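Here's the structure we're looking at; comments come further down.
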Amino acid sequence: MFKLINNSIIKRLSDGVFIPNDPSNNDYAAYLQWLADGNTPDAADAIDPRVVIQEQIAAIEVQITPRRIREALLSGDMSFIAALDVQIAQLRQQL
């Protein structure tokens, strides 16, 4: 039995192996045969869009380091920090 992880990865449940969507991969060929035999894989888990947005915010926030803030202050160019703040605000509106 198999489970879809996303559009390009399949997980074989018997041993936990991840199988790439690659025609030259023997495990993928076996998966395709399994499908041709009329089987259906378990669906991919639903992704909570709020979690995705929170992860995007966290990825932006790690870019705002004390060093970058100091460099922006010294150069007088706060556009980098301001752009990140705008991105974060836009994402938070989606929560």
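Every read-out reported here was derived from the displayed coordinates using simple, explicitly stated rules and does not represent laboratory data. For clarity, every value in this text was computed on a predicted model and none was experimentally measured. Ideal geometry is used to build each Cβ from the backbone, glycine not excepted, and the neighbour counts take in all protein chains shown.
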Running Debye on the stretch 51-95 with equal point scatterers at the Cα sites and no solvent, what base-10 log of I(q)/I(0) appears at q = 0.16 Å⁻¹? -0.44
Answer with a single label: of (i) 16, 49, 30, 6; (ii) 16, 52, 31, 2; (iii) 14, 28, 16, 18, 17, 6, 1, which was calculated as P(r) over Cα pairs in 10 Å bins from 0, in percent from the structure in view? (iii)
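Per DSSP helix of 4 or more residues, -39500 (n - 2.57); summed, then divided by the residues of the chain. What does that give at 222 nm, rounded to the nearest 500?
Values: 4 runs with 49 residues, N = 95.
Value at 222 nm, helices only: -16000 deg cm²/dmol.
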With a Förster radius of 41 Å, plug the Cβ-Cβ distance of Ile81 and Leu4 into 1/(1 + (r/R0)^6) and report the FRET value to the nearest 0.05. 0.55
For the stretch 50-62, take each phi angle, set θ = phi - 60°, evaluate the Karplus expression 6.51 cos²θ - 1.76 cosθ + 1.60, and give the result in whole Hz per residue in order, putting x for glycine and proline. 5, 5, 4, 5, 4, 5, 5, 4, 4, 5, 6, 4, 5
Let me know the charge dipole size of the chain about its Cα centre in debye, to the nearest 20, where only the beta-carbon of Lys, Arg (+1) and Asp, Glu (-1) is charged. 280 debye
Could you tell me how far the Cα centroid of the stretch 25-54 sits from the Cα centroid of the stretch 71-95, in Å? 38 Å
